[in-house]
Amino acid sequence: MTGGRPRRVVFEFAAGSSIAETYHSQGADFGLAGGILGFDTADPRIVDALELAKHAGIEIEFRIVDFETDHPNVFRVTAIDENKKQIEAELISCGGGMVEIRQIANIPVSINGGFFETLLLFAGCAPDIVHACRDSINANSVSCDDLLLFRNDKSEYILDCRGQSEMPGEFLRRVVKNFPVKDVIVLSPVLPVKSQKEYSGLFNTASEILEMAGHERLSLADTAIRYETRRSGLNETEVFNKMAEIVAVLKKTLKDAASAQQEYPDRILGRQARLLPEKGVATGGVLHSVIRHITLLMEAKSSMRIIVAAPTAGSCGAVPGTLIGAAEALGLPEDAVVKAMLAAGMVGVLIAEHSTFSGEMGGCQAECGSASGMAAAGMVQLLGGTTEQALDAASMALQNVFGLTCDPVASRVEVPCLGKNIMAGSNALAMAELAMAGFDKVIPLDETIAAMYRVGLSLPVELRCTGKGGLSITPTSMRIQQKLEG
Ligand code: SF4
């Protein structure tokens with residue numbers, strides 16, 4: 001971000017915030033270090049990133065300090081590069097590995113990593129000059145899809161040039177020569193699929209999805225493909241193949257987890273999936289397979305292997321474990337799993353738009369609860385149901401998880417997280433069955449999601465991933481935490 005190689009990076013978390021409590025126990029520290037080293041999200045070296053940063057001569061420090069925040073997951077970063085250039089930013093961790101930069105150099109911005117962005121900083125110059133620079137870029141730049149202007153109350157400005165590729169160096173040099181630009185920051189996209197300027201949205205609600213699907217007889221997976229082509233600029237085959245790649249990653253993780261000795265020192269649970277018998281004892285074949293697949297994915301997560309945050313790392317088992325596990329038990333082909341994952345993703349889009357995936361904001365209903373709604377819709381798709389049935393299943397599954405607390409034992413994402421993922425998968429199976437049988441969901445999905453958001457925000461802060469309530473403060477949890485940290 002500073003342009004040169006980073007030499008020192010300081011992360012500051014607000015005392016008492018959720019992220020201050022969990023950044024170490026939940027692995028955000030090495031995830032952030034991996035980001036500084038430029039690792040891809042699927043890079044297995046992320047787990048060693050703190051050590052690797054040290055070897056690379058980058059000093060990384062984490063501090064808990066007193067500052068006012070309006071969000072439980074805000075943190076500040078100060079980065080100094082080899083040329084002693086310093087940049088300060090404020091970010092929010094939004095859940096599922098996503099962050100939003102909301103301030104750079106004390107100027108409010110909104111950046112989520114979907115574009116190449118060239119930021120031009122101005123200080124101490126008249127607004128006319130900044131506007132003239134903007135007009136000049138607008139008139140000339142070929143790589144700029146969108147040009148945004150941010151400012152603070154000290155009349156400092158950031159001109160943010162967003163595009164599908166980097167601003168050409170020659171053009172940037174000309175801009176800097178012709179205008180009094182104080183600083184330039186160049187950001188590359190971090191999302192796996194870049195965003196498009198023109199996404200105006202085919203639909204914003206479940207009822208709009210239903211209307212479109214009804215007119216054109218589309219399944220929920222079809223609507224997801226249509227949404228994603230519009231959002232990403234990829235064609236339908238490319239969208240399908242992207243999801244097929246994700247399913248392939250998941251299947252490899254499952255295979256490795258089933259065969260290898262996966263353990264990680266800083267954890268509570270040992271391997272659990274191997275305790276399950278070949279065939280379900282009390283449960284039927286599909287549920288047994290779902291439980292096994294969810295458990296394997298959660299073990300892979302706990303041993304720091306590659307997982308897919310769907311929608312978050314803590315809830316990474318429920319959606320893929322349910323859909324892959326059920327497909328395996330029912331002998332369904334891989335294409336059916338890909339479509340089911342796309343359908344589940346469509347419900348995820350609605351939740352992201354109108355609620356939250358952040359356990360710190362909405363408790364575990366935001367994580368495992370959302371996953372359950374997504375998996376329920378995916379199950380209906382897998383079983384050949386209609387879009388209406390899929391959305392009804394999602395609504396019923398979500399209605400069942402309101403108020404789910406986030407109170408992990410010893411602040412590790414293991415207990416009760418494994419059980420909650422399995423509950424999310426079981427709930428999804430049951431609600432898919434009800435929806436396909438024609439049970440009445442009564443409350444439509446849009447209203448359910450809105451209500452879920454309100455319930456999440458009204459949960460006491462002790463039960464939203466702060467380690468200050470529920471199971472987290474039981475004597476056993478405290479003992480385990482002391483032991484692990486000792
Ligand atoms: S209990 Fe908390 S940490 Fe565990 S999965 Fe749920 S939201 Fe994540």
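The values are calculated or read from the model by the stated rules, or taken from the named source; none is laboratory data. From a predicted model like this one, the values you see are computed outputs, not experimental measurements. Virtual Cβ from ideal backbone geometry, glycine too; neighbours counted across all protein chains shown.
Would you mind finding the one in 295, 312, 322, 283 that is within 16 Å of the ligand (Cβ to nearest atom), modelled with pLDDT under 95 and not basic (Lys, Arg)? Walk me through how you get there before you give the answer.
Working: 295 fails: modelled with pLDDT under 95; 322 fails: modelled with pLDDT under 95; 283 fails: within 16 Å of the ligand (Cβ to nearest atom).
That would be 312, the only listed residue that is within 16 Å of the ligand (Cβ to nearest atom), modelled with pLDDT under 95 and not basic (Lys, Arg).
List every residue pair whose Cβ atoms sit under 6 Å apart, with the two residues 6 or more apart in sequence or on different chains, where the first one lies in segment 248-268 and is among the small types (Gly, Ala, Ser) and the second, anywhere, is at pLDDT 90 or above.
Here the result reads 257/296; 257/299; 257/300; 258/296, each pair linking segment 248-268 to a residue that is at pLDDT 90 or above.
Examine segment 45-61 for a residue that is touching a helix residue (DSSP H, G or I) at 6+ places or on another chain (Cβ under 7 Å), surrounded by fewer than 14 Cβ atoms within 10 Å (Cβ to Cβ) and either without any contact (Cβ under 8 Å) to a residue 24 or more places away in the chain or in the same structural domain as residue 26 (by TED's automatic domain parsing) (or both), and state whether such a residue exists.
Taking segment 45-61 as the starting set, the residues that turn out to be touching a helix residue (DSSP H, G or I) at 6+ places or on another chain (Cβ under 7 Å) are 45-47, 49-50, 52-53, 58, 60.
Then drop every residue that is not surrounded by fewer than 14 Cβ atoms within 10 Å (Cβ to Cβ), which leaves 45.
When the remaining residues are screened for being either without any contact (Cβ under 8 Å) to a residue 24 or more places away in the chain or in the same structural domain as residue 26 (by TED's automatic domain parsing) (or both), the result is 45.
Yes: one or more hits.
Pick out the one residue from 256, 266 that is touching a Lys or Arg at 6+ places or on another chain (Cβ under 8 Å) and not in a loop (DSSP other than H, G, I, E, B). Walk me through how you get there before you give the answer.
Numbers: 266 fails: not in a loop (DSSP other than H, G, I, E, B).
So the residue among 256, 266 that is touching a Lys or Arg at 6+ places or on another chain (Cβ under 8 Å) and not in a loop (DSSP other than H, G, I, E, B) is 256.
Going residue by residue through segment 376-399, is there one that turns out to be without any contact (Cβ under 8 Å) to a residue 40 or more places away in the chain and surrounded by 24 or more Cβ atoms within 10 Å (Cβ to Cβ)?
Residues of segment 376-399 that are without any contact (Cβ under 8 Å) to a residue 40 or more places away in the chain, as a first pass: 384, 397.
Subsequent filtering for residues that are surrounded by 24 or more Cβ atoms within 10 Å (Cβ to Cβ) retains 397.
Yes, segment 376-399 contains a residue that is without any contact (Cβ under 8 Å) to a residue 40 or more places away in the chain and surrounded by 24 or more Cβ atoms within 10 Å (Cβ to Cβ).
Restrict the check to segment 326-349 and report whether at least one residue is within 16 Å of the ligand (Cβ to nearest atom) and either at pLDDT 95 or above or surrounded by 24 or more Cβ atoms within 10 Å (Cβ to Cβ) (or both).
If we filter segment 326-349 for residues that are within 16 Å of the ligand (Cβ to nearest atom), which is where we start, we get 348.
Going one step further and asking which of them are either at pLDDT 95 or above or surrounded by 24 or more Cβ atoms within 10 Å (Cβ to Cβ) (or both), we end up with 348.
Yes, segment 326-349 contains a residue that is within 16 Å of the ligand (Cβ to nearest atom) and either at pLDDT 95 or above or surrounded by 24 or more Cβ atoms within 10 Å (Cβ to Cβ) (or both).
Among 82, 90, which is the only one that is buried (at least 18 other Cβ atoms within 10 Å of the Cβ), charged (D, E, K, R) and more than 17 Å from the chain's Cα centre (by Cα)?
On the way: 82 fails: buried (at least 18 other Cβ atoms within 10 Å of the Cβ).
Going through 82, 90 in turn, the sole match is 90.
Determine whether residue 422 is in a helix (DSSP H, G or I), more than 11 Å from the ligand (Cβ to nearest atom) and closer than 15 Å to residue 317 by Cβ.
Here the answer is yes, as residue 422 does meet what is asked.
Taking residue 359, is it of a type outside the set (A, V, I, L, M, F, W, C), under 18 Å from residue 213 (Cβ atoms) and under 18 Å from the mean Cα position of the chain (by Cα)? Give the derivation first.
Numbers: of a type outside the set (A, V, I, L, M, F, W, C): yes; under 18 Å from residue 213 (Cβ atoms): no; under 18 Å from the mean Cα position of the chain (by Cα): yes.
So residue 359 fails the test.
Condition first: more than 16 Å from the ligand (Cβ to nearest atom), under 21 Å from residue 293 (Cα atoms) and in contact (Cβ under 8 Å) with a residue 24 or more places away in the chain. Can you find one or more residues in segment 432-444 that meet it?
Taking segment 432-444 first, the residues more than 16 Å from the ligand (Cβ to nearest atom) are 432-444.
With the extra rule that they be under 21 Å from residue 293 (Cα atoms), the set shrinks to 432-433.
Now drop any that are not in contact (Cβ under 8 Å) with a residue 24 or more places away in the chain, which leaves 432.
Within segment 432-444, one or more residues are more than 16 Å from the ligand (Cβ to nearest atom), under 21 Å from residue 293 (Cα atoms) and in contact (Cβ under 8 Å) with a residue 24 or more places away in the chain.
Does residue 366 fit the bill of being surrounded by fewer than 21 Cβ atoms within 10 Å (Cβ to Cβ) and either among the aromatic types (Phe, Trp, Tyr) or within 16 Å of the ligand (Cβ to nearest atom) (or both)? Can you show your working first?
Numbers: surrounded by fewer than 21 Cβ atoms within 10 Å (Cβ to Cβ): no; either among the aromatic types (Phe, Trp, Tyr) or within 16 Å of the ligand (Cβ to nearest atom) (or both): yes.
So residue 366 fails the test.
Take the residues in segment 462-480 that are away from the ligand (no atom under 12 Å from the Cβ) and not in a helix (DSSP H, G or I), then tell me which one is farthest from residue 267 (Cα to Cα).
By that ranking, first place goes to 468.
Take the residues in segment 350-363 that are of a type outside the set (Ser, Thr, Tyr) and within 14 Å of residue 314 (Cβ to Cβ), then tell me which one is nearest to the ligand (Cβ to nearest atom). Break it down into steps so the answer makes sense when it comes.
Going residue by residue through segment 350-363, those that are of a type outside the set (Ser, Thr, Tyr) are 350-354, 357, 359-363.
If we keep only those that are within 14 Å of residue 314 (Cβ to Cβ) as well, we get 357, 359-363.
Working: 357: 9, 359: 3, 360: 8, 361: 10, 362: 9, 363: 7 Å.
Only one residue fits best here, namely 359.
Is it true that residue 298 is under 20 Å from residue 427 (Cβ atoms) and touching a residue at least 24 places away in the same chain (Cβ under 8 Å)? Steps first, answer last, please.
Working: under 20 Å from residue 427 (Cβ atoms): yes; touching a residue at least 24 places away in the same chain (Cβ under 8 Å): yes.
When the stated conditions are applied, residue 298 passes them.
Taking residue 371 as the residue in question, decide whether it is modelled with pLDDT of 95 or more, more than 13 Å from the ligand (Cβ to nearest atom) and within 20 Å of the chain's Cα centre (by Cα).
Working: modelled with pLDDT of 95 or more: yes; more than 13 Å from the ligand (Cβ to nearest atom): no; within 20 Å of the chain's Cα centre (by Cα): yes.
No, not satisfied.
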